[in-house]
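Sharing a structure with you now.
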Amino acid sequence: MTELEKYIEASFGILEKEDLNKISKLFEYSELKKGDFLLESGKKCNKLSFVQSGLLRMFALVDGNEVTQWISTKGYFSTDLASFIYEESSRLSIQALVDTEVFSITKENYDKIGEIVSQWHSLEKQFLINCFITLEDRVFSHLSMSAEQRYKMFFESNKALFNEVPLQYIASMLGMTPETFSRIRKKQLL
């Protein structure tokens, strides 16, 4: 069973083995080299990608500066959801930070899942609710926590990333300048 199949099974509940197999066949395996783009801003995002291994950084260019929105690690999906669903130009770029393996599904194939799995729409709804809750938690932490509290919380749940990703990307994702991030990091290491 691939990581993708494990994730689908864990996230969407118990599916018939046959349905799980049909869904996973809609995804296409590909490899990205470090620095390759899965998506470039301004283009339409026509796929939803699951990270089998590696790291993908989602970022936007704001006033000439790159702002990291998210870093997708093994076991997570990556896409510009608005562009994927509404077929509009993407505001995000998605780039491999290391050699990365992904399973991707096109919008056309994604739309077929409902025909394959009768309970898909209720499963998808639950999945999207979980994604929304994660987003709400992230927004709330940015509004209610200090930079130091956000650093601690993120560090506790993502320790490995601090050795795998340039720290300015994590700083950006946490809404901090590199200088603030560095100051907090030094304080934590003491």
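Every residue, every condition in (1) in a helix (DSSP H, G or I); (2) touching a Leu at 6+ places or on another chain (Cβ under 7 Å), yes or no:
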site: Glu9; (1), (2): yes, yes
site: Glu18; (1), (2): yes, no
site: Ile23; (1), (2): yes, no
site: Ser30; (1), (2): no, no
site: Ser41; (1), (2): no, yes
site: Leu61; (1), (2): no, no
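Determine whether Ser118 is in a loop (DSSP other than H, G, I, E, B) and farther than 30 Å from Glu66 by Cα. Spell out the reasoning first.
Numbers: in a loop (DSSP other than H, G, I, E, B): yes; farther than 30 Å from Glu66 by Cα: yes.
Answer is yes for this residue.
Would you please list the contacts, defined by Cβ atoms under 9 Å and residues six or more apart or on different chains, that run from a residue in the stretch 19-31 that is aliphatic (A, V, I, L, M) to a residue that is at pLDDT 90 or above and in a helix (DSSP H, G or I)?
Within 9 Å, the pairs are Ile23/Ile113; Leu26/Asn109; Leu26/Tyr110; Leu26/Lys112; Leu26/Ile113.
Name, by its number, the condition in (1) crowded, with 16+ Cβ neighbours inside 10 Å; (2) part of a loop (DSSP other than H, G, I, E, B) that does not hold for Gly35.
Every condition holds for Gly35 apart from (1).
Name the one entry in Ile105, Ile116 that is out of contact with any strand residue (DSSP E or B) (no Cβ under 7 Å at 6 or more places or on another chain) and of a type in the set (Val, Ile, Thr).
Ile116
Right, another one. If only one of Leu20, Leu15 is farther than 20 Å from Thr106 by Cβ, at pLDDT below 90 and crowded, with 18+ Cβ neighbours inside 10 Å, which one is it?
Numbers: Leu20 fails: farther than 20 Å from Thr106 by Cβ.
Going through Leu20, Leu15 in turn, just one is farther than 20 Å from Thr106 by Cβ, at pLDDT below 90 and crowded, with 18+ Cβ neighbours inside 10 Å: Leu15.
The values are calculated or read from the model by the stated rules, or taken from the named source; none is laboratory data. Small disclaimer: the values here were computed from a predicted structure and weren't measured. Methodologically, a virtual Cβ is constructed for each residue, glycine included, from the backbone with ideal geometry; neighbour enumeration extends over all protein chains shown.
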